[in-house]
Amino acid sequence: MTKLDAPTAKRGRPPKAKAAGAADTRDLILDAAEDLFSKHGFYGVTIREVAREAGVDTALVHYYFGAKRGLFDAVFLRRAEVWNNERVDAINRYAREVAPEKMTLEGLFEAFLRPPFQWSLKGGPGWKHYSALVAQTNANPTFGGETMARYFDPAIRRLIELIKVILPGAAEVDLYWAYHNLSGALTLTLGETGRLDRLSGGLCRSGDLETAGDYMVRFAAAGFRAVCGPEGRTG
């Protein structure tokens, strides 16, 4: 059974008793920091609180990660590598298996978007925390842009390269605005804030990520056609 075959994940703290016997100290610290950062943001968490949550001395947190920003970056990088490597592998595989003239936006976005949805669904509580953390960081005006660029831009640039194969006449400015809109929708959805539940009066559930992923693929494809196609071109 792979990680993604596991039962659907829910928010919550990873079981510390089991983790203490199986994971090394560094991972315990990262898990604790990820949980706290996802709930309270970068500025709402102290090194002392992370150490207490992980059950270690504060000096160990500094030993492994230095200052708080070093710890935050380590938390962010750990899953960003998995998430983005899988997305790039998926879209490259799609491009290899489908002739250029037969590639579709739906097929490309299905490949690109499915990994983060599946990890958040079935990867365990840590992936829920990470999705919420990415949503917060993407909207952070202080260091969010720099952090997202450092860890996510290579995957996004590869996606845009393949979109150009499907929409060869698209203007660069339209492609980047279209992705900007998709990025906001994606991170908000993966954050599972409960806003959708309240707005729809319970008709839709923000935790229904299988359905959300299906809608996102269709939304992204239609949005890129509208913005980047001949009728939506700005120049």
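The values are calculated or read from the model by the stated rules, or taken from the named source; none is laboratory data. Owing to the predicted nature of the structure, the values given are computational and were not obtained by experimental measurement. Backbone-built Cβ (ideal geometry, glycine too); neighbour counts: all protein chains shown. In case anyone asks, the SASA skips ligands and DNA or RNA and just uses the protein heavy atoms, side chains included. Shrake-Rupley method; radii C 1.70, N 1.55, O 1.52, S 1.80 Å.
Listing for the model above:
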{"quantity": "Filter pass, L167 being out of contact with any Pro (no Cβ under 9 Å at 6 or more places or on another chain) and modelled with pLDDT of 95 or more", "calculated": "yes"}
{"quantity": "Condition met for R26 (part of a helix (DSSP H, G or I), more than 27 Å from A139 (Cβ to Cβ) and touching a Phe, Trp or Tyr at 6+ places or on another chain (Cβ under 9 Å))", "calculated": "yes"}
{"quantity": "Any hit, the range 203-223, residues being assigned to a loop (DSSP other than H, G, I, E, B), farther than 16 Å from P115 by Cα, free of Cβ contacts under 8 Å to residues at least 12 places away in the same chain and among the polar types (S, T, N, Q)", "calculated": "no"}
{"quantity": "Search result, residues across the range 66-115 that are over 20 Å from V45 (Cα atoms), aliphatic (A, V, I, L, M) and touching a Phe, Trp or Tyr at 6+ places or on another chain (Cβ under 9 Å)", "calculated": "A80, V82, V88, A90, I91, M103, L105, L108, A111"}
{"quantity": "Which numbered condition K128 fails, given (1) open to solvent by 20 Å² or more (accessible area, probe 1.4 Å); (2) at pLDDT 90 or above; (3) basic (K, R)", "calculated": "(1)"}
{"quantity": "Candidate set: the range 79-110, residues that are of a type in the set (K, R) and crowded, with 16+ Cβ neighbours inside 10 Å; chosen: the one modelled with the highest pLDDT", "calculated": "R87"}
{"quantity": "Criterion (among the acidic types (D, E) and within 20 Å of L182 (Cβ to Cβ)) met by exactly one of E86, E97", "calculated": "E86"}
{"quantity": "In the range 144-164, residue most open to solvent (accessible area, probe 1.4 Å) [restricted to those that are of a type outside the set (A, V, I, L, M) and free of Cβ contacts under 8 Å to residues at least 40 places away in the same chain]", "calculated": "R157"}
{"quantity": "Failed condition for V56, given (1) more than 30 Å from M216 (Cα to Cα); (2) not in a loop (DSSP other than H, G, I, E, B)", "calculated": "(2)"}
{"quantity": "Residues satisfying the stated conditions in the range 109-137, i.e. within 27 Å of R93 (Cα to Cα) and among the polar types (S, T, N, Q)", "calculated": "Q118, S120, S131"}
{"quantity": "Residue under evaluation V45, criteria (1) assigned to a helix (DSSP H, G or I); (2) open to solvent by less than 20 Å² (accessible area, probe 1.4 Å), criterion not met", "calculated": "(1)"}
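Results for (1) aliphatic (A, V, I, L, M); (2) at pLDDT below 95; (3) open to solvent by 50 Å² or more (accessible area, probe 1.4 Å); (4) more than 20 Å from T137 (Cα to Cα), shown as yes or no for each residue.
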{"residue": "G201", "(1), (2), (3), (4)": "no, no, yes, yes"}
{"residue": "R205", "(1), (2), (3), (4)": "no, no, yes, yes"}
{"residue": "E210", "(1), (2), (3), (4)": "no, yes, yes, yes"}
{"residue": "F224", "(1), (2), (3), (4)": "no, no, no, yes"}
{"residue": "R233", "(1), (2), (3), (4)": "no, yes, yes, yes"}
